[in-house]
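The values are calculated or read from the model by the stated rules, or taken from the named source; none is laboratory data. None of the values given here were measured: they were computed from a predicted structure. Cβ placement follows ideal geometry from the backbone for every residue including glycine, while neighbour counts extend to all protein chains displayed. We work out accessible area using only protein heavy atoms, side chains counted, and drop any ligands, DNA or RNA first. Shrake-Rupley method; radii C 1.70, N 1.55, O 1.52, S 1.80 Å.
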Amino acid sequence: HVQLVESGGGLVQPGGSLKISCAASGFLFSTYGMRWYRQGPGKERELVAAITSIATTTTYVDSVRGRFTISRDNAKSTVYLQMNSLKPEDTAVYYCNARKGADNYWGQGTQVTVSS
């Protein structure tokens with residue numbers, strides 16, 4: 001049974017930091033590329049960051065590059081998103097995604113709210 005469980009979301013002030021996690025089970029995590037998406041209020045879901053299976057390559061959407069860092073621990077089957085210098089426009093539900101070939105798995109999302 002495939003599961004992706006996000007955690008670590010919450011309320012943070014502008015300029016603050018937050019680290020969210022996604023714990024995977026039910027598939028061979030180390031062979032999958034992992035992604036973080038987000039969907040803000042009234043917006044379409046967008047790709048925020050991606051990391052290859054052995055963490056050799058990371059990519060970011062322009063709006064978060066230099067502020068967010070995606071990483072993974074294959075021994076723990078977990079992917080992380082460290083978010084620094086958070087802005088109100090980063091407010092969204094953040095979703096974890098695992099992809100390999102035709103496999104495309106999603107978590108349930110974790111809410112991140114940036115507000116004073």
Next on the checklist: For K76, give me every one of the lysines with a C-alpha distance below 26 angstrom, ignoring sequence neighbours fewer than eight places off in its own chain.
Outcome noted: K19, K100
Checklist entry - For a label point 7 angstrom out from the Cα of V2 toward its Cβ, which stretches of segment 52-74 have the backbone nitrogen within less than 18 Å? => result 52-54
Next on the checklist: At 1.4 Å probe radius, can you tell me the per residue accessible area of the chain in Å²?
Outcome noted: 51
Checklist outcome for this item: Rounded to a whole %, the carbon-and-sulfur portion of the accessible area of segment 7-76 at a 1.4 Å probe is 51
Checklist outcome for this item: Probe 1.4 Å, all chains present, heavy atoms only: T78 accessible area in Å², nearest 10, is 10
Checklist entry - Taking the Cα centre of the chain as the origin, how large is its charge dipole in debye, to the nearest 20, when only Lys and Arg (+1) and Asp and Glu (-1) carry charge on their Cβ atoms? => result 140
Item to check | In nm, spacing of pseudo-spin labels at L11 and A75 (7 Å Cα→C-beta vector) | outcome: 3.7
Next on the checklist: Taking 0.36 nm per residue of sequence separation and subtracting the Cα-Cα distance, how much length would be gained by fully extending the chain between I54 and Q111, in nm to one decimal?
Outcome noted: 17.8 nm
Checklist outcome for this item: With every protein chain in place, the accessible area of V2 for a 1.4 Å probe, in Å² rounded to the nearest 10, comes to 50
